[in-house]
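Some notes on the structure that comes next.
The values are calculated or read from the model by the stated rules, or taken from the named source; none is laboratory data. Predicted model only: the values in this text are computed from it and were never measured. In this analysis, Cβ positions are derived from the backbone assuming ideal geometry, glycine residues included, and neighbour counts consider all displayed protein chains. Areas reflect the complete protein model, heavy atoms only, side chains present, ligands, DNA and RNA absent. Shrake-Rupley method; radii C 1.70, N 1.55, O 1.52, S 1.80 Å.
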Amino acid sequence: MNILLLGSGGREHAFAWKIVQSPRCNQLFVAPGNPGTAEIAINVPLGATDFLGIHEFIQNHAIDLLVIGPEEPLVKGLVDYLHAQQGMEQLPIVGPSKLGATLEGSKDFSKQFMRRNNVPTAAYATFHAGQLEEGLAYLEQQSLPIVLKADGLAAGKGVLICENLEEAKISLKEMLVDAKFGEASSKVVVEEFLTGIELSVFVATDGISYKILPEAKDYKRIGEGDTGLNTGGMGAISPVPFADAAFLSKVEERIVKPSIQGLEKEGIPFKGFLFIGLMNTNGDPYVIEYNVRMGDPETEAVLPRIESDFVDLLAAIAGCSLESYTLQLSSKTCATVVMVSGGYPEEYEKGFSISIPGERIGTVLFHAGTARNESGSLVNSGGRVLAVTGMGNDLEEALASAYGTIEKVSWQKAYFRRDIGQDILRLKIK
Ligand code: AMP
Ligand code: GLY
(Lines give C-alpha, C1' and ligand atoms only; values in the text may rest on other atoms or scores of the structure.)
(Ligands and ions follow the chains in the order given, each with its own letter.)
Protein backbone atom coordinates (compact mmCIF):
# COMPACT_ATOMS: atom_id res chain seq x y z
CA MET A 1 0.00 0.00 0.00
CA ASN A 2 1.03 3.58 -0.60
CA ILE A 3 0.09 5.47 2.52
CA LEU A 4 -0.19 9.19 3.22
CA LEU A 5 -0.02 10.22 6.88
CA LEU A 6 -0.94 13.77 7.93
CA GLY A 7 0.67 15.58 10.85
CA SER A 8 4.07 16.54 12.20
CA GLY A 9 4.25 15.66 15.89
CA GLY A 10 5.58 12.86 18.04
CA ARG A 11 2.28 11.08 17.49
CA GLU A 12 2.85 11.02 13.75
CA HIS A 13 6.47 9.89 14.12
CA ALA A 14 5.17 6.99 16.23
CA PHE A 15 2.52 6.18 13.59
CA ALA A 16 5.17 6.29 10.85
CA TRP A 17 7.56 4.11 12.89
CA LYS A 18 4.81 1.50 13.28
CA ILE A 19 3.56 1.72 9.68
CA VAL A 20 6.97 1.11 8.07
CA GLN A 21 7.42 -2.04 10.15
CA SER A 22 4.51 -3.61 8.28
CA PRO A 23 5.19 -5.71 5.18
CA ARG A 24 1.99 -4.23 3.75
CA CYS A 25 3.51 -0.77 3.49
CA ASN A 26 5.04 0.01 0.10
CA GLN A 27 5.69 3.75 0.29
CA LEU A 28 4.90 6.01 3.23
CA PHE A 29 4.54 9.76 2.74
CA VAL A 30 4.15 12.13 5.69
CA ALA A 31 2.73 15.64 5.27
CA PRO A 32 4.40 17.72 6.52
CA GLY A 33 6.26 15.33 8.86
CA ASN A 34 9.40 16.20 10.84
CA PRO A 35 13.11 15.25 10.77
CA GLY A 36 12.26 11.99 12.56
CA THR A 37 9.73 10.89 9.94
CA ALA A 38 12.20 11.97 7.22
CA GLU A 39 14.53 9.19 8.36
CA ILE A 40 11.97 6.46 7.72
CA ALA A 41 9.51 7.89 5.17
CA ILE A 42 9.18 10.61 2.54
CA ASN A 43 8.21 14.01 3.92
CA VAL A 44 5.93 16.09 1.71
CA PRO A 45 5.80 19.89 2.17
CA LEU A 46 2.03 20.11 2.58
CA GLY A 47 0.12 21.34 5.62
CA ALA A 48 -2.39 18.97 7.24
CA THR A 49 -5.22 21.43 6.45
CA ASP A 50 -4.22 22.11 2.82
CA PHE A 51 -7.29 20.30 1.45
CA LEU A 52 -6.56 21.09 -2.19
CA GLY A 53 -2.89 20.10 -1.98
CA ILE A 54 -3.77 16.86 -0.20
CA HIS A 55 -6.38 16.01 -2.83
CA GLU A 56 -3.86 16.55 -5.66
CA PHE A 57 -1.14 14.60 -3.89
CA ILE A 58 -3.44 11.59 -3.37
CA GLN A 59 -4.35 11.63 -7.06
CA ASN A 60 -0.78 11.95 -8.29
CA HIS A 61 0.82 9.37 -6.02
CA ALA A 62 -1.65 6.48 -6.17
CA ILE A 63 -2.36 6.68 -2.45
CA ASP A 64 -4.24 3.62 -1.17
CA LEU A 65 -4.77 4.78 2.40
CA LEU A 66 -4.92 8.17 4.10
CA VAL A 67 -4.26 8.39 7.84
CA ILE A 68 -5.11 11.68 9.58
CA GLY A 69 -3.19 12.33 12.82
CA PRO A 70 -4.37 15.69 14.26
CA GLU A 71 -7.89 16.97 15.01
CA GLU A 72 -7.84 20.18 13.02
CA PRO A 73 -8.30 18.74 9.51
CA LEU A 74 -10.92 16.35 10.90
CA VAL A 75 -12.98 19.07 12.58
CA LYS A 76 -12.67 21.17 9.41
CA GLY A 77 -14.16 18.34 7.37
CA LEU A 78 -11.26 16.92 5.34
CA VAL A 79 -12.81 13.46 5.16
CA ASP A 80 -16.13 14.71 3.73
CA TYR A 81 -14.24 17.02 1.35
CA LEU A 82 -12.13 14.21 -0.10
CA HIS A 83 -15.02 11.77 -0.34
CA ALA A 84 -16.96 14.37 -2.32
CA GLN A 85 -14.23 14.55 -5.01
CA GLN A 86 -14.70 12.64 -8.23
CA GLY A 87 -12.97 9.26 -8.09
CA MET A 88 -12.32 9.56 -4.36
CA GLU A 89 -15.69 8.47 -3.05
CA GLN A 90 -14.22 5.18 -1.88
CA LEU A 91 -10.78 6.37 -0.73
CA PRO A 92 -9.92 4.46 2.46
CA ILE A 93 -9.36 7.00 5.23
CA VAL A 94 -8.52 6.59 8.91
CA GLY A 95 -10.24 9.58 10.49
CA PRO A 96 -13.89 10.38 11.18
CA SER A 97 -16.33 12.45 9.13
CA LYS A 98 -16.89 16.10 10.03
CA LEU A 99 -19.99 15.14 12.01
CA GLY A 100 -18.01 12.46 13.90
CA ALA A 101 -15.24 14.98 14.59
CA THR A 102 -17.80 17.27 16.22
CA LEU A 103 -17.48 14.98 19.25
CA GLU A 104 -14.20 16.84 19.79
CA GLY A 105 -15.06 20.09 18.01
CA SER A 106 -18.05 20.92 20.20
CA LYS A 107 -18.26 20.04 23.90
CA ASP A 108 -22.01 20.72 23.85
CA PHE A 109 -22.52 18.29 20.94
CA SER A 110 -20.52 15.63 22.76
CA LYS A 111 -22.41 16.14 26.03
CA GLN A 112 -25.74 15.86 24.20
CA PHE A 113 -24.49 12.70 22.48
CA MET A 114 -23.53 11.21 25.86
CA ARG A 115 -26.85 12.15 27.37
CA ARG A 116 -28.81 10.58 24.47
CA ASN A 117 -26.76 7.41 24.68
CA ASN A 118 -26.65 7.06 28.47
CA VAL A 119 -22.88 7.38 28.69
CA PRO A 120 -21.90 8.33 32.26
CA THR A 121 -20.51 11.86 32.42
CA ALA A 122 -20.64 14.93 34.68
CA ALA A 123 -24.00 16.74 34.98
CA TYR A 124 -24.02 19.92 32.87
CA ALA A 125 -25.89 22.78 31.24
CA THR A 126 -24.93 24.80 28.15
CA PHE A 127 -25.33 28.56 27.71
CA HIS A 128 -24.83 30.80 24.67
CA ALA A 129 -23.94 34.47 24.59
CA GLY A 130 -27.56 35.62 24.88
CA GLN A 131 -28.09 33.57 28.05
CA LEU A 132 -25.65 35.14 30.50
CA GLU A 133 -28.38 35.80 33.11
CA GLU A 134 -29.60 32.20 33.01
CA GLY A 135 -25.99 31.02 33.21
CA LEU A 136 -25.27 33.15 36.29
CA ALA A 137 -28.46 31.94 37.97
CA TYR A 138 -27.50 28.33 37.21
CA LEU A 139 -24.05 28.84 38.74
CA GLU A 140 -25.64 29.98 42.00
CA GLN A 141 -27.37 26.65 42.38
CA GLN A 142 -24.29 24.48 41.79
CA SER A 143 -21.77 23.14 44.27
CA LEU A 144 -18.10 24.11 44.05
CA PRO A 145 -15.67 23.72 42.44
CA ILE A 146 -17.42 24.07 39.10
CA VAL A 147 -16.01 23.53 35.60
CA LEU A 148 -16.49 25.95 32.67
CA LYS A 149 -15.64 24.70 29.19
CA ALA A 150 -15.46 26.67 25.97
CA ASP A 151 -17.60 24.73 23.49
CA GLY A 152 -15.16 24.83 20.57
CA LEU A 153 -11.52 23.91 19.99
CA ALA A 154 -9.28 26.10 22.20
CA ALA A 155 -5.91 24.35 21.94
CA GLY A 156 -6.37 22.63 25.31
CA LYS A 157 -6.83 25.95 27.12
CA GLY A 158 -10.62 26.28 27.13
CA VAL A 159 -11.34 24.54 30.44
CA LEU A 160 -11.50 26.51 33.71
CA ILE A 161 -11.97 24.94 37.11
CA CYS A 162 -13.42 27.59 39.41
CA GLU A 163 -13.08 27.24 43.18
CA ASN A 164 -15.51 30.00 44.15
CA LEU A 165 -18.76 31.45 42.86
CA GLU A 166 -17.47 34.97 42.16
CA GLU A 167 -14.62 33.64 40.03
CA ALA A 168 -17.02 31.37 38.15
CA LYS A 169 -19.42 34.25 37.42
CA ILE A 170 -16.63 36.51 36.16
CA SER A 171 -15.20 33.73 33.99
CA LEU A 172 -18.58 32.86 32.52
CA LYS A 173 -19.10 36.48 31.52
CA GLU A 174 -15.58 36.73 30.07
CA MET A 175 -16.15 33.61 28.01
CA LEU A 176 -19.67 34.33 26.76
CA VAL A 177 -19.67 38.09 26.42
CA ASP A 178 -16.00 39.12 26.09
CA ALA A 179 -15.07 36.16 23.84
CA LYS A 180 -12.18 35.10 26.09
CA PHE A 181 -11.51 32.12 23.82
CA GLY A 182 -12.83 33.80 20.69
CA GLU A 183 -15.56 32.01 18.77
CA ALA A 184 -14.81 28.83 20.78
CA SER A 185 -16.43 30.32 23.90
CA SER A 186 -19.53 31.73 22.24
CA LYS A 187 -21.12 28.73 23.92
CA VAL A 188 -20.03 27.44 27.33
CA VAL A 189 -20.65 24.08 28.96
CA VAL A 190 -20.96 24.42 32.75
CA GLU A 191 -20.16 21.10 34.29
CA GLU A 192 -20.08 19.34 37.65
CA PHE A 193 -16.55 18.81 39.01
CA LEU A 194 -15.57 15.15 39.14
CA THR A 195 -13.02 13.85 41.65
CA GLY A 196 -10.81 10.85 41.10
CA ILE A 197 -7.89 9.74 38.94
CA GLU A 198 -7.79 10.39 35.19
CA LEU A 199 -6.84 8.01 32.45
CA SER A 200 -7.46 7.66 28.74
CA VAL A 201 -8.85 4.78 26.75
CA PHE A 202 -8.30 4.53 23.00
CA VAL A 203 -10.78 2.77 20.77
CA ALA A 204 -10.17 1.88 17.14
CA THR A 205 -13.49 1.73 15.30
CA ASP A 206 -14.89 1.40 11.81
CA GLY A 207 -18.16 2.86 13.07
CA ILE A 208 -19.69 -0.54 13.83
CA SER A 209 -17.06 -2.81 15.34
CA TYR A 210 -14.34 -1.71 17.70
CA LYS A 211 -11.08 -2.83 19.30
CA ILE A 212 -9.94 -1.36 22.59
CA LEU A 213 -6.27 -0.38 22.44
CA PRO A 214 -4.07 -0.15 25.53
CA GLU A 215 -5.10 2.56 28.01
CA ALA A 216 -2.69 5.30 29.07
CA LYS A 217 -2.24 8.02 31.64
CA ASP A 218 -0.73 11.32 30.62
CA TYR A 219 0.96 14.07 32.59
CA LYS A 220 -0.43 17.41 31.49
CA ARG A 221 1.21 19.99 33.76
CA ILE A 222 4.62 21.50 33.12
CA GLY A 223 5.91 21.08 36.68
CA GLU A 224 6.78 18.07 38.80
CA GLY A 225 4.07 16.93 41.17
CA ASP A 226 1.49 18.03 38.54
CA THR A 227 1.98 21.73 39.17
CA GLY A 228 2.10 24.81 36.93
CA LEU A 229 0.61 25.48 33.53
CA ASN A 230 -1.12 22.96 31.30
CA THR A 231 0.85 21.65 28.32
CA GLY A 232 0.13 19.38 25.38
CA GLY A 233 1.48 16.55 27.55
CA MET A 234 4.81 15.95 29.31
CA GLY A 235 4.76 12.18 29.50
CA ALA A 236 2.58 9.09 29.43
CA ILE A 237 2.55 5.54 30.71
CA SER A 238 0.78 2.41 29.53
CA PRO A 239 -0.66 0.20 30.95
CA VAL A 240 -2.21 2.06 33.88
CA PRO A 241 -1.98 -0.24 36.93
CA PHE A 242 -5.12 1.09 38.64
CA ALA A 243 -7.15 0.31 35.52
CA ASP A 244 -7.62 -3.34 36.43
CA ALA A 245 -9.76 -5.85 34.54
CA ALA A 246 -12.89 -5.05 36.59
CA PHE A 247 -12.58 -1.31 35.90
CA LEU A 248 -11.82 -1.80 32.21
CA SER A 249 -14.82 -4.05 31.83
CA LYS A 250 -17.02 -1.26 33.28
CA VAL A 251 -15.43 1.10 30.75
CA GLU A 252 -16.29 -1.26 27.91
CA GLU A 253 -19.87 -1.98 29.02
CA ARG A 254 -20.91 1.49 30.20
CA ILE A 255 -18.91 3.71 27.87
CA VAL A 256 -17.33 2.07 24.82
CA LYS A 257 -20.35 -0.01 23.76
CA PRO A 258 -22.98 2.73 24.10
CA SER A 259 -20.66 5.24 22.41
CA ILE A 260 -20.00 3.08 19.35
CA GLN A 261 -23.62 1.92 19.18
CA GLY A 262 -24.67 5.57 19.46
CA LEU A 263 -22.53 6.50 16.46
CA GLU A 264 -24.08 3.74 14.39
CA LYS A 265 -27.65 4.37 15.57
CA GLU A 266 -27.39 8.11 14.89
CA GLY A 267 -25.80 7.58 11.49
CA ILE A 268 -22.54 9.32 12.38
CA PRO A 269 -19.78 7.92 10.14
CA PHE A 270 -16.70 7.26 12.25
CA LYS A 271 -13.70 5.35 10.97
CA GLY A 272 -10.77 6.18 13.16
CA PHE A 273 -9.72 6.47 16.77
CA LEU A 274 -12.02 7.54 19.57
CA PHE A 275 -9.94 8.80 22.50
CA ILE A 276 -11.98 8.72 25.69
CA GLY A 277 -10.72 10.86 28.57
CA LEU A 278 -12.06 9.30 31.77
CA MET A 279 -12.26 9.97 35.46
CA ASN A 280 -12.11 6.96 37.76
CA THR A 281 -14.38 8.08 40.60
CA ASN A 282 -14.36 5.45 43.36
CA GLY A 283 -14.01 2.67 40.79
CA ASP A 284 -16.67 3.98 38.39
CA PRO A 285 -15.73 5.54 35.03
CA TYR A 286 -17.13 8.90 33.83
CA VAL A 287 -16.30 10.54 30.50
CA ILE A 288 -14.50 13.88 30.76
CA GLU A 289 -14.18 14.31 27.02
CA TYR A 290 -14.02 12.59 23.67
CA ASN A 291 -11.26 13.29 21.18
CA VAL A 292 -11.47 11.96 17.65
CA ARG A 293 -7.82 11.03 17.16
CA MET A 294 -5.02 9.45 19.13
CA GLY A 295 -3.40 11.41 21.97
CA ASP A 296 0.04 12.91 21.99
CA PRO A 297 2.18 11.76 23.87
CA GLU A 298 -0.10 8.80 24.70
CA THR A 299 0.39 7.35 21.20
CA GLU A 300 4.12 7.08 21.82
CA ALA A 301 3.40 4.84 24.85
CA VAL A 302 0.48 2.91 23.31
CA LEU A 303 1.64 1.97 19.79
CA PRO A 304 4.82 0.15 20.87
CA ARG A 305 2.54 -2.23 22.79
CA ILE A 306 0.62 -3.29 19.67
CA GLU A 307 2.11 -6.51 18.30
CA SER A 308 -0.33 -7.36 15.50
CA ASP A 309 0.21 -5.77 12.10
CA PHE A 310 -0.49 -2.05 12.34
CA VAL A 311 -1.23 -1.42 8.67
CA ASP A 312 -3.73 -4.30 8.81
CA LEU A 313 -5.38 -2.46 11.72
CA LEU A 314 -5.50 0.85 9.82
CA ALA A 315 -6.81 -0.84 6.68
CA ALA A 316 -9.48 -2.66 8.72
CA ILE A 317 -10.64 0.63 10.28
CA ALA A 318 -10.88 2.35 6.90
CA GLY A 319 -12.30 -0.71 5.12
CA CYS A 320 -14.95 -1.57 7.70
CA SER A 321 -13.53 -5.01 8.47
CA LEU A 322 -12.38 -4.47 12.04
CA GLU A 323 -14.54 -7.30 13.31
CA SER A 324 -12.20 -9.87 11.79
CA TYR A 325 -8.98 -8.19 12.93
CA THR A 326 -7.17 -9.85 15.84
CA LEU A 327 -5.50 -7.29 18.05
CA GLN A 328 -2.42 -8.64 19.81
CA LEU A 329 -0.89 -6.65 22.61
CA SER A 330 2.37 -6.84 24.48
CA SER A 331 2.18 -7.17 28.26
CA LYS A 332 5.25 -4.92 28.55
CA THR A 333 5.05 -1.46 30.10
CA CYS A 334 5.88 1.70 28.18
CA ALA A 335 6.85 5.01 29.72
CA THR A 336 7.20 8.11 27.56
CA VAL A 337 8.98 11.25 28.72
CA VAL A 338 8.69 14.43 26.67
CA MET A 339 11.63 16.84 26.40
CA VAL A 340 10.59 20.43 25.80
CA SER A 341 12.21 23.78 25.04
CA GLY A 342 12.99 25.71 28.24
CA GLY A 343 10.20 28.23 28.88
CA TYR A 344 7.43 26.15 27.24
CA PRO A 345 4.38 26.39 27.43
CA GLU A 346 5.15 30.11 27.49
CA GLU A 347 7.85 31.77 25.37
CA TYR A 348 10.95 29.80 24.48
CA GLU A 349 14.00 30.10 22.23
CA LYS A 350 14.42 27.99 19.11
CA GLY A 351 17.39 26.97 17.02
CA PHE A 352 19.64 25.25 19.59
CA SER A 353 21.59 22.24 18.26
CA ILE A 354 20.36 18.93 19.63
CA SER A 355 22.74 16.10 20.39
CA ILE A 356 21.26 12.59 20.40
CA PRO A 357 23.22 9.49 21.49
CA GLY A 358 23.75 6.73 18.90
CA GLU A 359 23.01 4.05 21.49
CA ARG A 360 19.53 4.17 22.97
CA ILE A 361 19.05 0.80 24.64
CA GLY A 362 15.47 -0.24 25.35
CA THR A 363 14.04 3.01 24.01
CA VAL A 364 12.55 4.56 20.90
CA LEU A 365 13.04 8.26 20.30
CA PHE A 366 10.30 10.20 18.52
CA HIS A 367 10.70 13.67 17.08
CA ALA A 368 8.10 16.44 17.51
CA GLY A 369 9.28 20.08 17.42
CA THR A 370 12.62 19.51 15.68
CA ALA A 371 13.95 20.94 12.41
CA ARG A 372 17.11 20.94 10.32
CA ASN A 373 18.87 24.30 10.04
CA GLU A 374 20.69 25.48 6.85
CA SER A 375 23.77 23.46 7.72
CA GLY A 376 21.68 20.35 8.29
CA SER A 377 22.03 20.14 12.06
CA LEU A 378 19.08 19.14 14.14
CA VAL A 379 17.66 22.01 16.21
CA ASN A 380 14.65 22.60 18.47
CA SER A 381 11.82 24.33 16.61
CA GLY A 382 8.77 23.85 18.83
CA GLY A 383 7.65 23.58 22.44
CA ARG A 384 7.57 19.83 22.72
CA VAL A 385 10.76 18.66 21.01
CA LEU A 386 11.34 14.94 21.55
CA ALA A 387 9.45 12.06 23.15
CA VAL A 388 11.49 9.14 24.47
CA THR A 389 9.66 5.88 25.14
CA GLY A 390 11.23 3.23 27.35
CA MET A 391 9.90 -0.32 27.35
CA GLY A 392 10.33 -2.78 30.19
CA ASN A 393 8.83 -5.65 32.14
CA ASP A 394 7.40 -3.19 34.62
CA LEU A 395 7.07 0.55 35.09
CA GLU A 396 10.38 0.89 36.98
CA GLU A 397 12.26 -0.76 34.13
CA ALA A 398 10.48 1.28 31.46
CA LEU A 399 11.21 4.53 33.30
CA ALA A 400 14.84 3.59 33.88
CA SER A 401 15.28 3.00 30.13
CA ALA A 402 13.53 6.23 29.12
CA TYR A 403 15.51 8.39 31.56
CA GLY A 404 18.73 6.51 30.68
CA THR A 405 18.43 7.75 27.09
CA ILE A 406 17.14 11.19 28.06
CA GLU A 407 20.20 11.88 30.22
CA LYS A 408 22.31 11.55 27.07
CA VAL A 409 20.18 13.87 24.91
CA SER A 410 21.04 17.54 25.20
CA TRP A 411 20.47 21.03 23.88
CA GLN A 412 20.55 24.40 25.57
CA LYS A 413 17.68 24.98 28.00
CA ALA A 414 16.10 21.56 27.44
CA TYR A 415 13.60 20.64 30.15
CA PHE A 416 11.74 17.48 31.13
CA ARG A 417 9.86 16.23 34.17
CA ARG A 418 11.77 13.75 36.31
CA ASP A 419 8.65 12.42 38.03
CA ILE A 420 6.72 10.74 35.19
CA GLY A 421 5.10 7.57 36.62
CA GLN A 422 6.15 8.30 40.21
CA ASP A 423 2.56 8.80 41.40
CA ILE A 424 1.73 5.33 40.09
CA LEU A 425 4.76 3.76 41.76
CA ARG A 426 3.66 5.33 45.06
CA LEU A 427 0.10 4.02 44.62
CA LYS A 428 1.41 0.49 44.14
CA ILE A 429 3.51 0.62 47.30
CA LYS A 430 0.53 1.67 49.41
P1 AMP B 1 -10.67 18.69 28.70
O2 AMP B 1 -10.10 19.74 27.77
O3 AMP B 1 -12.13 18.53 28.63
O4 AMP B 1 -9.88 17.43 28.66
O5 AMP B 1 -10.34 19.23 30.15
C6 AMP B 1 -9.02 19.50 30.55
C7 AMP B 1 -8.77 18.98 31.93
O8 AMP B 1 -9.65 19.60 32.86
C9 AMP B 1 -9.05 17.49 32.08
O10 AMP B 1 -7.98 16.71 31.68
C11 AMP B 1 -9.33 17.39 33.55
O12 AMP B 1 -8.13 17.34 34.29
C13 AMP B 1 -10.03 18.67 33.86
N14 AMP B 1 -11.48 18.49 33.84
C15 AMP B 1 -12.29 18.62 32.77
N16 AMP B 1 -13.57 18.37 33.10
C17 AMP B 1 -13.57 18.07 34.40
C18 AMP B 1 -14.58 17.71 35.34
N19 AMP B 1 -15.87 17.64 35.01
N20 AMP B 1 -14.20 17.46 36.61
C21 AMP B 1 -12.92 17.55 36.99
N22 AMP B 1 -11.91 17.87 36.15
C23 AMP B 1 -12.23 18.14 34.89
N1 GLY C 1 -2.31 14.43 25.48
C2 GLY C 1 -3.62 14.88 25.32
C3 GLY C 1 -4.08 15.03 23.93
O4 GLY C 1 -3.50 14.53 22.99
O5 GLY C 1 -5.13 15.65 23.74
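Overall, the anisotropy analysis places the stretch 260-408 in the prolate class: the square-rooted eigenvalues a ≥ b ≥ c of its C-alpha gyration tensor yield a/c not less than 1.5, with a/b exceeding b/c. Once backbone amide H atoms are built at 1.01 Å from N, V67 has L4, L5, L6, V94 as its partners under 5 Å, excluding neighbours fewer than 5 places away on the same chain. Within straight-line reach of K187, meaning a Cα separation under 23 Å, sit the following lysines at least 8 residues removed in sequence or on another chain: K76, K98, K107, K111, K149, K157, K169, K173. Once C-alpha pairs closer than 8 Å and six or more residues apart are averaged by separation and normalised to the residue number of the chain, the relative contact order reads 16 percent. Could you tell me which of rounded, prolate or oblate describes the chain, using a ≥ b ≥ c as the square roots of the eigenvalues of the alpha-carbon gyration tensor, with rounded for a/c under 1.5 and, failing that, prolate when a/b is larger than b/c and oblate otherwise? Because its axes are fairly even, with a/c under 1.5, the chain counts as rounded.
Residue ranges 192-201, 88-97 sort as 88-97, 192-201 when ordered by packing (mean number of other C-beta atoms within 10 Å per residue, highest first). The listed peptides 99-107, 243-251, ordered by packing as a protection proxy, come out as 99-107, 243-251 (highest mean of other Cβ atoms within 10 Å first). Charge dipole (Cα centre; +1 on Lys/Arg Cβ, -1 on Asp/Glu Cβ; no other charges) of the chain amounts to roughly 420 debye. By its C-alpha gyration tensor, with a ≥ b ≥ c as the square roots of the eigenvalues, how is the stretch 289-335 shaped: rounded for a/c under 1.5, else prolate for a/b larger than b/c, else oblate? Note, shape of the stretch 289-335 comes out oblate. The slack between Y81 and K250, meaning 0.36 nm per residue of separation minus the straight C-alpha distance, is 57.1 nm.
Taking 0.36 nm per residue of separation and subtracting the Cα-Cα distance, full extension of the segment from C320 to R372 would add 14.8 nm. Amide H contacts for G235 (H built 1.01 Å from N in the peptide plane; partners 5 or more residues away or on another chain; cut-off under 5 Å): Y219, V338. Given a 1.4 Å probe and the protein chains as shown, H128 ends up with an accessible area of around 90 Å².
The listed residues R11, R372 rank as R372, R11 when sorted by accessible area, largest first, using a 1.4 Å probe. In order along the stretch 305-315, the Karplus-derived 3J(HN,Hα) couplings, from 6.51 cos²θ - 1.76 cosθ + 1.60 at θ = phi - 60°, round to 8, 8, 9, 6, 4, 6, 5, 4, 5, 5, 5 Hz, and Gly and Pro are given as x.
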